[in-house]
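Okay, so here's the structure we're looking at.
The values are calculated or read from the model by the stated rules, or taken from the named source; none is laboratory data. Since the structure is predicted, the reported quantities are computational estimates derived from the model, not experimental observations. Methodologically, a virtual Cβ is constructed for each residue, glycine included, from the backbone with ideal geometry; neighbour enumeration extends over all protein chains shown. The area values use the complete protein model at the heavy-atom level, side chains included, leaving out ligands, DNA and RNA. Shrake-Rupley method; radii C 1.70, N 1.55, O 1.52, S 1.80 Å.
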Amino acid sequence: MLVQVLVQLAVVVTLMTLAGIALFVGRYRLRETRVEWKDRVRAATPITVVLAVVLLGNSVARQIVPDLSWMIDWNPTWEIYDLEGQFILWLQSFETPVLTAYFSFIYIYGYVFLLVFPVVAYFALSNTRPLRELLTAYTLNYTLGLLLYIFVIAYGPRNLLPEVQALMYDTYPQYQHLTRQVNRNTNVFPSLHTSLAATVGILAYRTRDVYPWWNLVAGVLAISVAISTIYLGIHWAIDVLAGIVLAYVCVELSRVFVGRWSLSERVALQRWLPSIRRQ
Amino acid sequence: MNRNSTNPGDGVSRRSVLATAASGLALSTSGCIDRVGSVVGQDVTDRLALSITTVPADSDREAVRIARHLEANLEAVGADVSIDMRSPSEFLQTVLIDHDFDLYVGRHPGGFDPDFLYGALHSRYADERGWQNPFGFDETQPESLSGTPSPSRDLSETAPGGPSIDELLEEQRRTNTDDDRRDVIADLLEEVVEQKPFDPICFPEEYRVARTEHFGAWDVDDDGANDGHLPTRHGFLGLEPEPGVDQLRALITDTRPTRNLNPLSATIRDRGTIVNLLYDSLLTEHQGELVPWLAESVEWEDGSLHITLREECPFHDDDDDDEADRYVTAEDVAFTYEFLADTSYGEADTPSPAPRYRSQTSMIDDPSKDIVVEDFLEDDSYELRIDVATNIESVARRALTVPILPKHRWENQVESRTESAEAPQGEWGLVTMSNIPAIGSGPFRFEDSSQRESLTLERFEDHFTQDDDDLPDIDVESIQFGIDPGSTAVERVANDGADVTASMLSTHALKGRLEGDGEWLDDDETSETRWIGPRQSRMFYHVGFNTRAAAFGDSSVRRLVSQLLDKSWIIDDVFGNRAKPIAAPLSDEWVPDTLAMDEDDEEPVTPFFGSDGELDVDAARDAFEDAGFRHDEQGWLLRNDDT
């Protein structure tokens, strides 16, 4: 069943991305990309490697995160609930099959598309800075997110309030296999779904001059992803707020880092290249 | 016994190490709501503050709903309540080992004979860690240990007169006739219900779902031959696979067995279904009876069990060179009981009894004296005698349900671990280690595991069931236990992603799929997916009180809190009527009429304040005030310190 879900996901996201390329990227950018792709790959390689390492490390670390978390044993589930109360029940009172279908689609397909497409779109730009900032921000999201998961044990609303409907899992149980691969039920603070979506949203806003329509689409998708996590009974509103804060921090930090590293890269290259040539 | 928590040896309190690091963090946030309260109210410390420990809905949806019901009603009478949600192993760690709770909602493993109450309640276990008396219940101690005066000290209530629970627990082991025992147990239950160290709620009906396509055992027409066997050992034997089928794909809801197969762990095991496949016991449960398993015969004679083992049953490590270790002998059996009584095997300063099986072995006073191996001069002796402190055969036979451990392996483990002289009960390395691969003598042998993903067991070709014509064969080459968190398990079996759910399904998972007592999933025979059940569980849902905590030192407070539980509503709304409400934790045959639920499922002793799940707040508040509490102007429930 997992394989089936994965294939479906790959097909749908590919189609969406192709449509996105046709609509937002345009032919002339693709043409330029064909000429310049080597340089762009070179520029993005270091951060891509770092991201890959972080993702790999993440999947290993998640095996032990729950044990570490229970050793620290800080479990603010009840405090979160005490603070925000019945918000999620109020939100779910608007439930309709159409909304559930929409938000389930967003939570799985819309979300993956939202993360994948900007990588393609920014790769199609001569200026590699947005691409490097994007990948840096992803890396930071996963790193800081994991740290927070270690320190905070929190169960999502459907675990504390069984009256909260696990709308997506009830309607489309097959997705549970997918999400179980990626997450544990004690890791809900913050919502990484939200923080990554918001990261893309903020960056899309910053590149609105280049991709005005993508800015619009990314905005709608990012907001939908944030709402979907609450509506589907997966996250508390506070997790979502924390996710947005995390996104903002990551984007700001990535701006600082990308600036610094590219500078040092240039210095290093200028110093090294002659010596390499001499050899 | 081993409550010396200041120096817990090698179990080193991971909590205390990290508590220091975490406390700053926790302090800065966790208490903020309370602190606001303390500014507004004059003296917030007086308010009755309780925390209900339970597991998340992913693990036990029904438990969370009961906890929430109790939480809402306690809030309504003015208490300050929070829910402390923990993963299944952390839940048991908190309740059974750390005793760090006020009250909890969970499932009690129950027991085969009413004698399980001896382990569950006897005051000699009040300081132990494990399933034996986790409530810290001890009538010999004055109520309310904390030094704060309890709200109501109705002395007449605890006045000497009737025998205490301890006395009744001992007496039911010494009666001469069945009728006498029944009377003693009736008295015992009445006393337990009166004292309420815990409040039993219901026995759930166990349902499982199985695919009939690949296994003949579940594809039966009328007699449902294999229906009652899961989760016992027989449930995994005689499955009658179709040609070409060599693996049983079973689903469990919980990841713990993929990480740890230690039969001694109190926090990992529930009823030990998988451990029972890896290890043999002398008797095994089959169709509601204990029948010979590793023992060929068990004779009962005047307070002694005479046991003859099956000969030449090898342990799983039989390919080791040392021939002497190959077979399960009386020596291993004697070792097992001595070891369960002290897992440090005499090496630690104070004995460290296993946190599991304590109740089952409690009738053997001193295993080193009371177990006699016959012909011990022979290399392999297969006969032994166990003297027990009871004259009831069914009580004595409980002792024969524990897993028999290979002496040669566990003895080595003890030796390699006792460098310090401390072995805190339930926490020391031998009891908490993962024990993977597990080496037993059971019908299945450990093959492979992947943490939190799966566990695979393979057929043990040399197991005695293979040669005994009276026992079903192990007719699959392997069993793969996959993990599925409840709700999707039914779907997975229906889609041929698995053959059976080995864990019982939550009532929620049945919703809409099982109508009445239908046989097929969705009442659709073409689904080839069948319900197995209902099987009346021996596990029961209950609310456990920590009688060591100031709030629950007093039985009248425990009874009042019980009256905030609407059992009939719980059965109806939480369990969809697929559970049997109870006031006493035993099956009907033992429960006196005075403790039977009436036809409206009304609790006979501590009836709910209200009806249909709706609390009569005024009545409940008045009752708390009558018991010595008072309410302030905000309606908060305060302890009355004036009395």
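Amide H to amide H, with H built 1.01 Å from N, B:Ala49 comes under 5 Å of B:Asp80, counting only residues 5 or more places away or on other chains. Under a model in which nothing but the beta-carbon of Lys, Arg (+1) and Asp, Glu (-1) is charged, the protein assembly as shown shows a dipole of about 9180 debye around its Cα centre. Within a straight-line Cα-Cα reach of under 20 Å, B:Lys407 can be paired with the following lysines, leaving aside sequence neighbours fewer than 8 residues apart in one chain: B:Lys369.
For the range A:139-149, 3J(HN,Hα) computed residue by residue from phi via the Karplus equation (6.51, -1.76, 1.60; θ = phi - 60°) reads 4, 5, 4, 5, 5, 5, x, 4, 4, 5, 5 Hz, glycine and proline entered as x. Calculated FRET efficiency, B:Val617 and B:Asp468, Cβ-Cβ r, R0 56 Å, to nearest 0.05? Efficiency for this residue pair is about 0.35. Per residue of peptide A:156-166, the mean number of Cβ atoms on other chains within 10 Å of the residue Cβ is 4. Dipole check for chain B: with +1 at the C-beta of Lys and Arg, -1 at the C-beta of Asp and Glu, and the Cα centre as origin, the magnitude is about 2960 Debye. Each residue of the range A:218-235 is assigned a 3J(HN,Hα), and the resulting list reads 4, x, 4, 4, 4, 5, 4, 4, 4, 5, 4, 5, 7, 4, 7, x, 8, 10 Hz, derived from the Karplus form 6.51 cos²θ - 1.76 cosθ + 1.60 (θ = phi - 60°), x at Gly and Pro. Counting, for every residue in B:77-87, the Cβ atoms of other protein chains within 10 Å of its Cβ and taking the mean gives 4. Taking a straight line from the alpha carbon of B:Lys580, these lysines sit under 30 Å away, with near neighbours fewer than eight places off in the same chain left out: B:Lys196, B:Lys511, B:Lys567.
If you take the beta carbon distance between A:Leu9 and A:Val220 as r and set R0 to 25 Å, what does 1/(1 + (r/R0)^6) give as a FRET efficiency, to the nearest 0.05? Show your work: numbers first, answer last.
Numbers: r = 20 Å, r/R0 = 0.82.
Plugging the Cβ-Cβ distance into 1/(1 + (r/R0)^6) gives 0.75.
With both labels modelled 7 Å from their Cα along Cα-to-Cβ, the B:Glu312 to B:Glu633 distance reads 8.8 nm. In the range B:392-533, a dipole from Cβ-located charges (positive for Lys and Arg, negative for Asp and Glu) runs towards its positive end, and of B:His408, B:Ser478, B:Gln466 it is B:His408 whose Cα lies farthest in that direction. Spin-label pair B:Asp180-A:Tyr28: with each label point 7 Å from Cα along the Cα-Cβ axis, the two points sit 10.4 nm from one another. Projecting the Cα atoms of A:Tyr28, A:Tyr172, A:Pro76 onto the charge dipole of the range A:2-278, computed from C-beta unit charges around the Cα centre, puts A:Tyr28 farthest toward the positive end.
Here the gap between B:Glu75 and B:Val605, fully extended at 0.36 nm per residue and compared with their Cα-Cα distance, gives a gain of 188.5 nm.
By how many degrees, between 0 and 90 and to the nearest 10, does the Cα long axis of helix A:27-72 differ from the longest principal axis of chain A? Taking the Cα atoms of chain A, the angle to A:27-72 is about 40 degrees.
For the range B:438-450, 3J(HN,Hα) computed residue by residue from phi via the Karplus equation (6.51, -1.76, 1.60; θ = phi - 60°) reads 7, 10, x, 10, x, x, 10, 10, 4, 10, 6, 8, 10 Hz, glycine and proline entered as x. Surface composition of the range B:263-442: carbon and sulfur atoms hold 38% of the protein heavy-atom accessible area at a 1.4 Å probe.
In this calculation the C-beta distance from A:Trp37 to A:Val245 is compared with R0 = 41 Å, giving a FRET efficiency of 0.70. The packing ranking of peptides B:231-244, A:80-93, highest mean first, is B:231-244, A:80-93, where packing means the average number of other beta carbon atoms within 10 angstrom of each residue. Peptide A:73-80 shows a mean partner chain C-beta count of 6 within 10 Å per residue C-beta. Summarising the amide proton neighbourhood of B:Ile532: residues at separation of 5 or more, or on other chains, whose placed amide H is nearer than 5 Å comprise B:Arg208, B:Val209, B:Ala210. For the pair A:Asp67 and A:Ser93, label points projected 7 Å from Cα toward Cβ lie 4.5 nm apart.
Relative to the dominant Cα principal axis of chain B, helix B:617-626 is inclined by about 80°.
Each peptide in B:601-613, B:191-203 receives the mean, over its residues, of other Cβ atoms within 10 Å, and ordering these scores from highest gives B:191-203, B:601-613. According to the square roots a ≥ b ≥ c of the eigenvalues of the Cα gyration tensor, what is the shape class of chain B, taking rounded for a/c under 1.5, prolate for a/b larger than b/c otherwise, and oblate for the remainder? Judged from the Cα gyration tensor, chain B comes out prolate (a/c at least 1.5, a/b above b/c). Decide, for the range A:1-118, between rounded, prolate and oblate: order the square roots of the alpha carbon gyration tensor eigenvalues as a ≥ b ≥ c, take rounded if a/c falls under 1.5, and otherwise choose prolate if a/b is larger than b/c, else oblate. Oblate is the answer for the range A:1-118, as a/c is 1.5 or above yet b/c matches or exceeds a/b. Listed peptides B:626-632, A:127-133, B:541-547 appear in the order B:541-547, A:127-133, B:626-632 once ranked by packing, highest mean of other Cβ atoms within 10 Å at the front. Annotation: amide H-H contacts under 5 Å for B:Thr284 (H modelled 1.01 Å from N, sequence separation of 5 or more, or interchain): B:Val291, B:Trp293. The C-alpha atoms of chain A define a longest principal axis, and helix A:2-20 lies at about 50 degrees to it.
Looking at the square roots a ≥ b ≥ c of the eigenvalues of the Cα gyration tensor of the range A:73-159, which shape do they give, rounded for a/c under 1.5, prolate if a/b is larger than b/c, or oblate? It is oblate, given that a/c is not under 1.5 and a/b is not larger than b/c.
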